[in-house]
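The values are calculated or read from the model by the stated rules, or taken from the named source; none is laboratory data. Just so it is clear, the structure is predicted and the values come from calculations on it, not from any experiment. Cβ atoms come from the backbone with ideal geometry, glycine included; neighbour counts cover every protein chain shown.
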There are 4 protein chains.
Amino acid sequence: MAVRAAVAGASGYAGGELLRLLLGHPGIEIGTLTGHANAGQRLGAVQPHLLPLADRVLAPTTADALAGHDVVFLALPHGESAAVAERLGPDVLVVDMGADFRLADPADWRRFYGSEHAGTWPYGLPELPGGRAALEGSKRIAVPGCYPTAVSLALFPAYAAGLVEPEAVIVAASGTSGAGKSPKPHLLGSEVMGSLSPYGVGGVHRHTPEMSQSLGAVAGEPVTVSFTPVLAPMPRGILATCSARARDGVSAEAVRAAYEKALADEPFARLLPAGQWPATGSVYGSNAAQIQVALDESAGRIVAISAIDNLAKGTAGGAIQSMNIALGLPEETGLTTAGVAP
Amino acid sequence: MAVRAAVAGASGYAGGELLRLLLGHPGIEIGTLTGHANAGQRLGAVQPHLLPLADRVLAPTTADALAGHDVVFLALPHGESAAVAERLGPDVLVVDMGADFRLADPADWRRFYGSEHAGTWPYGLPELPGGRAALEGSKRIAVPGCYPTAVSLALFPAYAAGLVEPEAVIVAASGTSGAGKSPKPHLLGSEVMGSLSPYGVGGVHRHTPEMSQSLGAVAGEPVTVSFTPVLAPMPRGILATCSARARDGVSAEAVRAAYEKALADEPFARLLPAGQWPATGSVYGSNAAQIQVALDESAGRIVAISAIDNLAKGTAGGAIQSMNIALGLPEETGLTTAGVAP
Amino acid sequence: MAVRAAVAGASGYAGGELLRLLLGHPGIEIGTLTGHANAGQRLGAVQPHLLPLADRVLAPTTADALAGHDVVFLALPHGESAAVAERLGPDVLVVDMGADFRLADPADWRRFYGSEHAGTWPYGLPELPGGRAALEGSKRIAVPGCYPTAVSLALFPAYAAGLVEPEAVIVAASGTSGAGKSPKPHLLGSEVMGSLSPYGVGGVHRHTPEMSQSLGAVAGEPVTVSFTPVLAPMPRGILATCSARARDGVSAEAVRAAYEKALADEPFARLLPAGQWPATGSVYGSNAAQIQVALDESAGRIVAISAIDNLAKGTAGGAIQSMNIALGLPEETGLTTAGVAP
Amino acid sequence: MAVRAAVAGASGYAGGELLRLLLGHPGIEIGTLTGHANAGQRLGAVQPHLLPLADRVLAPTTADALAGHDVVFLALPHGESAAVAERLGPDVLVVDMGADFRLADPADWRRFYGSEHAGTWPYGLPELPGGRAALEGSKRIAVPGCYPTAVSLALFPAYAAGLVEPEAVIVAASGTSGAGKSPKPHLLGSEVMGSLSPYGVGGVHRHTPEMSQSLGAVAGEPVTVSFTPVLAPMPRGILATCSARARDGVSAEAVRAAYEKALADEPFARLLPAGQWPATGSVYGSNAAQIQVALDESAGRIVAISAIDNLAKGTAGGAIQSMNIALGLPEETGLTTAGVAP
């Protein structure tokens, strides 16, 4: 019997990608779709690419509208998930694609989000050590941020193997869909085409503590993160260029071996053959993270790079992957590592 | 038992898209993949987005390598299909994604391609009147050109209903993948980004006679076509803006009714709700043609616009759709109308 | 002594391009700059590319702020120019980059703009027959719309020489800056990158009567226009593909000769060598219109294509060109036919 | 009397941009233009945006063709400049836009370029301490690489003030024109649009030693550089994100003061107001480097970011700026800090 899923926030980019993927998931029946400003409209008017669901009408985002489903995905603005989630009952699997339940330390939350901390849910990045166990059978999932997904997958093998010092330097560029669908002047096509623009520079981006949290847990010691996000002239994709000082005596062979070991059995986090580097164009629409690593002996640093689709593996695909684990379905159900290219 | 399919020309854009779609087709087992310059290489080296097939090795394109399959897809340069096809045997379903077998009139072929005509195969555009019947059980399929697919789907309802005069004016812009993967200066990213550039202007583009052929068959009289193709700064997609003088007394209601009737049961050629116009961004990676039509009463013309993905519905998706019909599978198997957006 | 110029609407795209060009104009001193929502801000905050003017502060758009200049450029929303212009005095050269004074027929204005007609000013397209004479010494200039500029330059030689019938079919694609800087969902980078989307289809775009007006004046008879605008994934540029049925007996040689004659002495409307087609990438930032024409003998149509920069020749460059004529300066002052490419 | 300049390599991107800028330089008369594969062609056929020079014919690149000019710009493939330069005579100002004469240490040259070192010429980055003095009156100029220009301008104030440790981590993304005009598969528009792809990772990019050389000279001690270049989906522009560990006790105020002091009088290296970050879209076609800096106190690092146009300030504009100094012309002649946007 199919699992029935509702999607709150179906008119945004994350919600739209989730629906696209759920349409190809053999075990899911798509139930209620909700929106805020677009409630009452046909989905076809706001997501014209989702023809199979074009005639669905968006309900307002209320707990009543979301009741009666086995799974509820929340693609809501930060801070709005808790109120909805607490009315959904403990037997419903609630998958939050917002930030509300990602951080373990309330002080981090207050510092970066400026409000009260809602709590901490099992973290939906199965590839991290212990990641799958935390999700199996869970009724609550906090989907990671898109940047932390890319960064954690690129660097956790190095920290797990003790190859690098606990200071990571990260420059990650994202396609514009990561900034959402609300119209703002700096997100106009005229502004973004042909332009790379950094933002949130100097340690103030909200995804920074999430990266420290995940890498620190793997390293077994605090990891400081210098993170610079960049808006890139493309609709989707994150390229995360991550580096850290190699510990003394670390060899290129040891680096390669550590990554091969950490990623050997991962269906979606894929180490490329030596010499081939990831590109966001190769993961468009796919749930794969393509990863490569090198040791720069002159600079004494390990450089690890990952490419993901911010909406797929970085949000909606990662959400489905974690849902599959929580529901006891095969982890790869409804997901693919084949991208749409060119 | 799965149908076993080979792909000749697996390293190009059409071949790559075909493989991406075949990976999601439940009735197909992907067999031999061949290439020309890339023979001997891993597919992962030339199609880095196709991770599930990354370790497949490209064979050279020979009849021997292609033998032993139920279906053989040919994604070869124009003029090379006939030699391969004739060695494949009459029981193998051969789907030619090149131009060789599209035109019925040898004079058209000689004029536009400058060589001897290889023959005419059943035409893989099921939406045209009589289109499905021609494909059922066939062992040979000529996949239409990408531009003729977009144009024929936009205009055939008007010609089928006798609404317009037999002179069509078409301006169609295509993403760069339509120009193939061979590196040429004018196809460099530096050249195409930020630029719209027409080519093949004045009736010389090779897809022109194919449009006349299809529209003329529907109209029951010769249809002249003024066709201007434009290279657009995007990787995929065709937007075809088509118009023709309305016959006397044609009303907007009659136009709408004709399109609704012609497209009512089509799974992939979809008339949008009145007032919503197609955009190529909505059909990226999908097999849908989105279509809209208007009557411009001041100018006395019907304007019909379609948007397709040139590699999907325009080539590889259309090929699979026709294959499904030829094999007796449900026509929609392995195909979707949901695009990848944004 | 330098001519002192004010710019009303300096924070938009047209105003910004005008300032960029005026910075390179040796005869102009840039005076007051005004804005609406951005009044009080540094120009550097809203036009970060205009470093030489970064510390200028935007005044509110009032007649008082604009007083005391020799030239006032109005880059205001449609309908706002008349109120400002009438307070500026008859000796000030007022150059309106909006639509208010372009149309001669009040009925056209009411039909397409829905308000009362403000009047008709000399039309700033010097290349049209009689165009320069109308501008010399004038104190009022209506700058043409960007699409009509591209279309009129492509087709007027054909109409002037009586080569074509009075029914033109035009498909013109524009970069997103033509849609302005106000944030709207469909103009987001995520939406426009990778997508071609038509709009205003079926004779409803406001630039349609302006095209009919200019071409009709050249032809000496009414010219109907079927016009389809398309939003293209690039920040700037218009490619206008224009065609009309050739009159009986018109030869390719006659077509070429007519265009050579009409454009022979034009500094900015340039007929390319035979066989070379315009591309918007070649006119980025330039005041040139690149033009090419062909006779499609099979279809019986003349196809003329022009490429312009919608903000330069299509708006701000055209405004300066007309201003130069009105002021008695050499027409090319401060303008170039060299584009920024790639 | 105008200075007469020849350009060797006029058909490439660097040569084309140089010509565009020289057209606006009041002291330069453009003389001989040479090409290699395109010798004998009209410039209009290979640089269709340079209408003012469209009828110039490309000569072959020989010393004879280049003789008789006051200035000769070399935009040739690496390794070809020395042979041409030595035949031009000591009184001709030779400006090499290639790499041949940039590096001081022959061992660096051999390691990264694999051939014999041709020598070292005065380095064309006037903003560096002592930079102008080295260029005044010089008859030979080595124009810096585009990445080293961006990186040196972003970081030299920090090293000059002793604020950071001698280990810099740099991730710099470039538009595709930086990869040149020779058609290669990975540079096709289909491949680059929508994709960010790293290359030359792990310390192997040829611009790495040039960065170490410049920063080390400023710091007074060796500076190791971890450099990751990324190909970005845009035709022009470099965004260089640079960071280094702050020395103990360095405050945000000290950082700001150091940058304000170092860049106070620079016409082209411009520190933005606090809080405003550079974007490549703001320097398109301009000779400005836009720079911003922040101290990330949590991570203990200074993050400095610069945006340049790789072809303008990064190559051809920088070449003209240095030429102006060498010839005793005002440094800003023919150059602008106003970009073309959007």
Exercise. Taking segment B:231-289 on its own, how many of its residues are facing chain C (nearest Cβ under 10 Å) and in a helix (DSSP H, G or I)?
Worked result: 4
For this session: Looking for whichever is within 14 Å of chain D (Cβ to nearest Cβ), of a type outside the set (A, V, I, L, M), within 27 Å of A:S195 (Cβ to Cβ) and not in a loop (DSSP other than H, G, I, E, B) here; the options are C:P52, C:P48. Which one fits?
Result: C:P52
Exercise. Do we find that B:V204 is β-branched (V, I, T), within 26 Å of C:S298 (Cβ to Cβ), surrounded by fewer than 20 Cβ atoms within 10 Å (Cβ to Cβ) and facing chain C (nearest Cβ under 9 Å) in this structure?
Worked result: yes
Exercise. Within segment B:221-230, which residues are within 10 Å of chain C (Cβ to nearest Cβ) and of a type in the set (A, V, I, L, M)?
Worked result: B:V225, B:V230
For this session: Please go through segment B:317-342 and pick out each residue that is within 14 Å of chain A (Cβ to nearest Cβ), of a type in the set (S, T, N, Q) and surrounded by 21 or more Cβ atoms within 10 Å (Cβ to Cβ).
Result: B:T336, B:T337
For this session: Take the residues in segment A:8-37 that are crowded, with 19+ Cβ neighbours inside 10 Å and assigned to a loop (DSSP other than H, G, I, E, B), then tell me which one is farthest from the other protein chains (Cβ to nearest Cβ).
Result: A:G9
For this session: Count, please, the residues in segment C:232-269 that happen to be within 18 Å of C:D309 (Cα to Cα) and surrounded by fewer than 24 Cβ atoms within 10 Å (Cβ to Cβ).
Result: 2
Problem set entry | Answer from B:L88, B:L58, B:L93 - the residue that is under 23 Å from the mean Cα position of the chain (by Cα) and of a type outside the set (D, E) | B:L93
For this session: Determine, yes or no, whether A:R87 is in contact with a helix residue (DSSP H, G or I) (Cβ under 9 Å, 6 or more places away or on another chain) and charged (D, E, K, R).
Result: yes
Problem set entry | Residue check for D:M97: within 14 Å of chain A (Cβ to nearest Cβ) and under 25 Å from B:H186 (Cα atoms) | no
Problem set entry | Looking only at segment B:301-316, and only at residues there that are in contact with a Lys or Arg (Cβ under 7 Å, 6 or more places away or on another chain) and not in a strand (DSSP E or B), the one that is surrounded by the fewest Cβ atoms within 10 Å (Cβ to Cβ) | B:N310
Problem set entry | Members of segment C:268-324 found to be of a type in the set (K, R) and under 30 Å from C:G249 (Cβ atoms), listed by number | C:R270, C:R301
Exercise. Looking at B:H69, B:H49, B:H117, which is the one that is more than 28 Å from B:E332 (Cβ to Cβ) and surrounded by 15 or more Cβ atoms within 10 Å (Cβ to Cβ)?
Worked result: B:H117
For this session: Report whether or not D:E191 is of a type outside the set (K, R), assigned to a helix (DSSP H, G or I), free of Cβ contacts under 8 Å to residues at least 40 places away in the same chain and within 14 Å of chain A (Cβ to nearest Cβ).
Result: yes
For this session: For residues that are among the small types (G, A, S) and away from every other protein chain (no Cβ under 14 Å), scanning just segment C:160-177, find the one that is surrounded by the fewest Cβ atoms within 10 Å (Cβ to Cβ).
Result: C:G162
Problem set entry | Single unsatisfied condition, D:S298 versus (1) among the hydroxyl-bearing types (S, T, Y); (2) crowded, with 24+ Cβ neighbours inside 10 Å; (3) within 9 Å of chain A (Cβ to nearest Cβ) | (2)
Exercise. What do you reckon, is D:A279 buried (at least 22 other Cβ atoms within 10 Å of the Cβ) and touching a strand residue (DSSP E or B) at 6+ places or on another chain (Cβ under 7 Å)?
Worked result: yes
For this session: Determine if segment C:212-222 includes at least one residue that is closer than 17 Å to C:A161 by Cα, part of a strand (DSSP E or B) and of a type in the set (D, E, K, R).
Result: no
For this session: Test A:L311 against the criterion of being over 21 Å from D:S174 (Cα atoms), at pLDDT 95 or above and among the aliphatic types (A, V, I, L, M), and give yes or no.
Result: yes
Exercise. Any chance segment C:328-335 includes a residue that's in a helix (DSSP H, G or I) and under 22 Å from C:L18 (Cβ atoms)?
Worked result: no
Exercise. Is at least one residue of segment B:143-159 part of a strand (DSSP E or B) and buried (at least 21 other Cβ atoms within 10 Å of the Cβ)?
Worked result: no
Seminar exercise, completed: Given the conditions (1) within 14 Å of another protein chain (Cβ to nearest Cβ); (2) closer than 16 Å to C:V143 by Cβ, every one holds for C:F73 apart from (1)
Exercise. List the pairs whose first member sits in segment A:251-264 and is under 16 Å from D:G202 (Cβ atoms), whose second member is surrounded by fewer than 15 Cβ atoms within 10 Å (Cβ to Cβ), and whose Cβ atoms are under 8 Å apart, counting only residues at least 6 apart or on separate chains?
Worked result: A:A252/A:E297; A:R256/A:A274
For this session: Inspect segment B:150-164 for any residue being touching a residue at least 60 places away in the same chain (Cβ under 8 Å) and within 30 Å of B:G35 (Cα to Cα) and give the result as yes or no.
Result: yes
Exercise. So which residues in segment B:81-97 are assigned to a loop (DSSP other than H, G, I, E, B), closer than 13 Å to B:R140 by Cβ and either of a type in the set (D, E, K, R) or touching a residue at least 24 places away in the same chain (Cβ under 8 Å) (or both), if there are any at all?
Worked result: B:E86, B:L88, B:P90, B:D91, B:V92, B:M97
Exercise. Going through segment C:52-64 one residue at a time, which ones are within 17 Å of C:R87 (Cα to Cα) and either of a type in the set (S, T, N, Q) or surrounded by 20 or more Cβ atoms within 10 Å (Cβ to Cβ) (or both)?
Worked result: C:T61, C:T62
